[in-house]
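This report concerns only the one structure given below.
Here, each number is a calculation from the coordinates, and none is a lab measurement. None of the values given here were measured: they were computed from a predicted structure. Here the Cβ is made from the backbone with ideal geometry for all residues, glycine too, and neighbour counts use every protein chain on show.
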Amino acid sequence: MRRVRDLLRLCLENGLSGREAARSLGMSSSTASEYMSRARAANLGWPLPSEMDDDALERLLFGPKVARGGPRRALPDVGYIKQQLGMRDVTLALLWEEYKRDHPEGYQYSQFCELIRRELRKVDVVMRQNHRGGEKVFVDWAGRWYRLSMPTAGT
């Protein structure tokens, strides 16, 4: 609100145009023009009344603050979805259909996917271990075990 007060002072007391005052305050001329038209509509002059603090000026120019949002939508259970995505043949589309069946007023598919992706991007806690070369061997085998028959000598 300090910049609004400065704008009013520059325009109403010093006689600068809205564009010149905006340039000196580092704001866009359209913003300055909007503020000045609101001040004219509220019949504000300079100097402002001494009892007018920032909150009163803001209410006068912009109206009372409106509470944003209404009833909140149910958020998807990210832990359950993370667990299910690890299973075979489970997709986000299937999980979204299940979510919509449970919460008909819930998020649509694109916002649902955005919420899930945002949560999945968060880094899990990782424990780093330092190993000296040759100290330990780690084997990760995910294939099938085949029994190889080796030809024996004499057969």
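Within the shell of other residues whose beta carbon sits under 15 angstrom from the beta carbon of E114, the net charge comes to +4, with Lys and Arg scored +1 and Asp and Glu -1.
Taking every alpha-carbon pair in the stretch 10-76 and binning the separations at 10 Å intervals from zero gives 17, 39, 24, 11, 7, 1 percent. Remark: spin-label model distance D55-D89 equals 6.1 nm, labels positioned 7 Å along the Cα→Cβ axis. Computed packing ranks the peptides 94-101, 40-47 as 94-101, 40-47, most packed first, by mean other Cβ atoms within 10 Å. Only Lys, Arg, Asp and Glu carry charge here, each on its Cβ (+1 for the first two, -1 for the last two); on that basis the chain has a dipole of about 500 debye about its Cα centre. Ranked by the mean number of other Cβ atoms within 10 Å of their residues, highest first, the peptides 116-125, 77-86 fall in the order 77-86, 116-125. Each of W46, L10, S24 was scored by the projection of its Cα onto the charge dipole of the chain, and the greatest displacement toward the positive side belongs to S24; charges sit on the C-beta of Lys, Arg, Asp and Glu.
Counting every alpha-carbon pair across the stretch 34-123, the share separated by more than 19 Å comes to 59%.
Rounded to the nearest Hz, the phi-derived 3J(HN,Hα) couplings of the stretch 105-120 under the Karplus curve 6.51 cos²θ - 1.76 cosθ + 1.60 (θ = phi - 60°) are 8, x, 5, 7, 4, 5, 6, 4, 5, 5, 4, 5, 4, 4, 6, 6, where x marks glycine and proline.
Hey, how much of the P(r) for the stretch 77-120 falls beyond 15 Å, as a percent of Cα pairs? The proportion of pairs with Cα distances above 15 Å equals 36 percent. When the Cα gyration tensor is reduced to axis lengths a ≥ b ≥ c, the ratio a/c is 1.5 or higher for the chain, and with a/b above b/c it is classed as prolate.
Averaging the sequence gap over all C-alpha pairs within less than 8 Å and six or more residues apart, then dividing by the number of residues, gives the chain a relative contact order of 14 percent.
Please report the net charge: other residues with Cβ closer than 12 Å to the Cβ of T91, K and R +1, D and E -1. Don't skip to the end; give the middle numbers.
Working: positive: R88; negative: D89, E97, E98.
Its environment carries a net charge of -2.
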